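A.B. asks: Take a look at the following structure, please.
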Amino acid sequence: MEWVDLVTPALAVIGVFLGVGLIVQSIRHARAIRRLEDRLAGTGAAAADAPLQRLQELQQRAATSSGAGGSLGGRTTLLAVAAVVGLLVIAAGAWAVFLRDSGGGETSGGPGLTTTSGVTTTGTTSTAAPADPNLCRNLTPLDDNALTTVSIFNASGIEGAARGKVQPEISIKGYTIDTVDNPPDGRSDLETTVVQFVTPEDRNAACNVARDLKIRPLKVTPLEGFSAEQVGGDEVNVVVLVGTDLASG
C-alpha cells in the first residue's frame with residue numbers, strides 16, 4: 001500500500017488546484033460577460049447590433065469551452081465540476097485519516113507496530129515476562145532449622161565477612177554450620193550474596209536461609225560451580241556465597 005500512500009496526497013493537492021482554477025475561470029467569464037452587457041446597455045439602440053453580435057460570439061465560446069448552452073449553464077457546469085473535485089478531496093482526506101489508521105491493526109508509527117494496554121511492541125501483542133523460577137514463591141517454614149546444614153563462603157573480598165558477620169546470623173536462627181571459609185574457586189568480587197541448594201529437596205531450606213539473611217529479591221539457585229565435596233560433603237544442604245551487599249551492610 002506504499003504507492004497508495006504516495007498517490008493519495010498528490011491527487012488531493014492536484015484536486016485542490018483544479019478546483020481553484022475552475023472557480024477562478026468561471027468568475028472571469030462571468031465578469032467579462034457582465035462588462036459587455038453593461039457596455040451594450042450604455043450604447044443605446046443605435047449601436048446595439050455590433051456589441052450584440054460580439055456578445056453572442058462570446059456566449060457561444062463560453063458555451064463551447066464549458067460544454068453548456070450559455071453563460072449560466074457554463075457557470076453551473078464549472079461549479080458542479082468544482083464541487084465534484086471538492087468531494088474527491090474530502091473523500092481522500094477521510095480515507096487517509098480514518099480508514100488507513102484503523103486498518104490492519106497498525107498505527108501511524110509504521111507497519112508491524114501494535115499498541116496494547118499502553119505498551120507498544122513490534123510485530124506481536126505485548127506479553128508478560130516469564131516468572132523467575134528461582135524466586136521463593138511458596139516458602140514453607142522448617143520444622144527444625146537444626147536439620148539444615150549450611151556452608152558459608154566469603155566471596156566479597158572483605159576480610160572476616162563470612163565468619164564475623166554472616167555466621168552469627170545463621171547460628172542464631174538455629175541452623176547447623178559446616179564450613180566457613182573462602183570459596184573453593186577463590187572468588188573475591190561478588191557483589192550480591194547468593195544462596196544455593198545442593199539437591200532439589202533442599203530448595204525450601206535454602207529459601208528459609210535466604211529469608212533469614214534478608215536476601216532481596218528472595219530467591220535461591222541450584223549449586224553451581226562447585227561439587228558437593230567442595231562445599232562440605234553430603235551433609236551440607238545449603239551454601240551461602242557472601243557478597244559485598246551483606247559484608248558491608
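The values are calculated or read from the model by the stated rules, or taken from the named source; none is laboratory data. Owing to the predicted nature of the structure, the values given are computational and were not obtained by experimental measurement. Neighbour counts are summed over all protein chains in view; Cβ atoms, including those assigned to glycine, are modelled from backbone coordinates with ideal geometry.
A.B. asks: What about N237, is it touching a residue at least 24 places away in the same chain (Cβ under 8 Å) and out of contact with any strand residue (DSSP E or B) (no Cβ under 8 Å at 6 or more places or on another chain)?
C.D. replies: no
A.B. asks: Need pairs with beta-carbon distance below 8 Å; first residue more than 13 Å from V150 (Cα to Cα) and touching a residue at least 24 places away in the same chain (Cβ under 8 Å) and within region 164-187, second among the charged types (D, E, K, R) and surrounded by 13 or more Cβ atoms within 10 Å (Cβ to Cβ); sequence gap 6+ or separate chains.
C.D. replies: The qualifying pairs do not exist here.
A.B. asks: Let me ask another. Within region 195-220, track down each residue that is touching a Ser or Thr at 6+ places or on another chain (Cβ under 9 Å), within 18 Å of S248 (Cα to Cα) and touching a residue at least 40 places away in the same chain (Cβ under 8 Å).
C.D. replies: V195, A210, L213
A.B. asks: Evaluate the following for A155: is it surrounded by 15 or more Cβ atoms within 10 Å (Cβ to Cβ), touching a residue at least 60 places away in the same chain (Cβ under 8 Å) and out of contact with any Leu (no Cβ under 6 Å at 6 or more places or on another chain)?
C.D. replies: Criteria not met by A155.
A.B. asks: Something else now. Within region 127-212, considering only strands (runs of 3 or more DSSP E) that don't extend past its boundaries, which have at least 3 residues that are at pLDDT 95 or above and of a type outside the set (A, V, I, L, M, F, W, C)?
C.D. replies: 149-154, 176-181
A.B. asks: Can I ask one more? In region 168-189, what residues are out of contact with any helix residue (DSSP H, G or I) (no Cβ under 6 Å at 6 or more places or on another chain) and farther than 15 Å from A206 by Cα?
C.D. replies: Matches in region 168-189: P168, I172, T179, D181, N182, P183, P184, D185, G186, R187, S188, D189.
A.B. asks: Just need a number here: residues in region 134-155 that are touching a Cys at 6+ places or on another chain (Cβ under 6 Å) and either on the phi > 0 side of the Ramachandran plot or of a type in the set (S, T, N, Q) (or both).
C.D. replies: 0
A.B. asks: Right, another one. Can you find a residue that is part of a helix (DSSP H, G or I), of a type in the set (G, A, S) and assigned by TED's automatic domain parsing to the domain that holds I152 anywhere in region 223-237?
C.D. replies: no
A.B. asks: Same structure again: Would you call T192 surrounded by fewer than 17 Cβ atoms within 10 Å (Cβ to Cβ), among the β-branched types (V, I, T) and in contact with a helix residue (DSSP H, G or I) (Cβ under 6 Å, 6 or more places away or on another chain)?
C.D. replies: Yes.
A.B. asks: Would you pick out the residues in region 205-230 that are crowded, with 17+ Cβ neighbours inside 10 Å and over 20 Å from L142 (Cβ atoms)?
C.D. replies: F226, Q230
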